[in-house]
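Let me begin by presenting the structure, written as structure tokens, before commenting on it.
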Amino acid sequence: MPESVPVLCPACRRRHRYGAPSYPCVCGAPVAPPLDPHATPVVVGDRVWDEDWIAVRCASCGRQDQWPHPELGCPCGTSLRIPVAERAGPPEEGVSAEPGEDGESGPEDGNGEGGGGGESGPDGGKGGRPVSGPPVSGTPRRAFQPVTIRTARDAVTAAALYLRWLGYQDIRRADQRPPSGIGLAARGLLAQVDPTVHPASPRDVECLWLTAMTESAECVYFSLAGYAEDARHRADDLGVPLFVLDLTGTPQPVNGLADELGATDPD
């Protein structure tokens, strides 16, 4: 069981007991941020990506990844960011702790690696190509362990977990903010997560594809409400995999490109 700490809401003075959720490392072991019982929780105002995520090292394999910063939602409507203890020990032998290496999801520059385009743009017919999938790691992939979606933040977390499960590394906030939803970036990939209640439009798909083209990256789209019929056709033309996020946090493939990407096995 993850450790728990007492939390006092500064707005309504209600007392809570909070335990940090655990997330699945790629090795299969649960990872939970170590909580600091002596520090004071912070009220969440304007969200900043760097404050919403925190680097946590897996105690089993030594891998360090980015996970959602622990938060508590009080019934009074206040969101509290729970302090995390500085308890990151040294990595195990053979595991790199340098940003950008395989052992850690550190930030990179905005340009991904790998090709991203076809020969014509959004108005010129089929201009994309199927996403080739993440680099082969040689490590057998365990079953995907989703996170239940209750908020827009959960939807972004679910998409990030799925991309990490597929084998993509250095997942972070994209440099360019999409017209709708949240943009994520990994090595050679741009992803858009749309947690709204409106189906994604052809323009949404085209904007993602064009942005990926400018960064020589491939792209993938995650939507909570699905896609308009013409958006699906446009994604097939451009070579964009489409996923729908169900409420369990499991991405469900919408087109054949998503089926192919989800079936990519790094072993």
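Taken together, the values in this text are just the output of simple stated rules run on the coordinates, not laboratory data. Quantities reported herein were computed from a predicted structural model and do not represent experimental measurements. Counting neighbours? That spans all protein chains shown, and the Cβs are built from the backbone with ideal geometry, glycine included.
A few notes on this one:
- Region 151-217 and region 219-259: distance between their alpha carbon centers, rounded to Å: 12
- Fraction of alpha-carbon pairs over 22 Å apart in region 4-81 - percent: 30
- Net charge of Cβ neighbours under 11 Å - reference L247; Lys, Arg +1; Asp, Glu -1: -1
- Set of region 216-241 residues, backbone N closer than 15 Å to the point 7 Å along the Cα-Cβ line of Q176: 216-220
- Förster-model FRET efficiency, 35 Å R0, V197 and A143, C-beta, rounded to 0.05: 0.75
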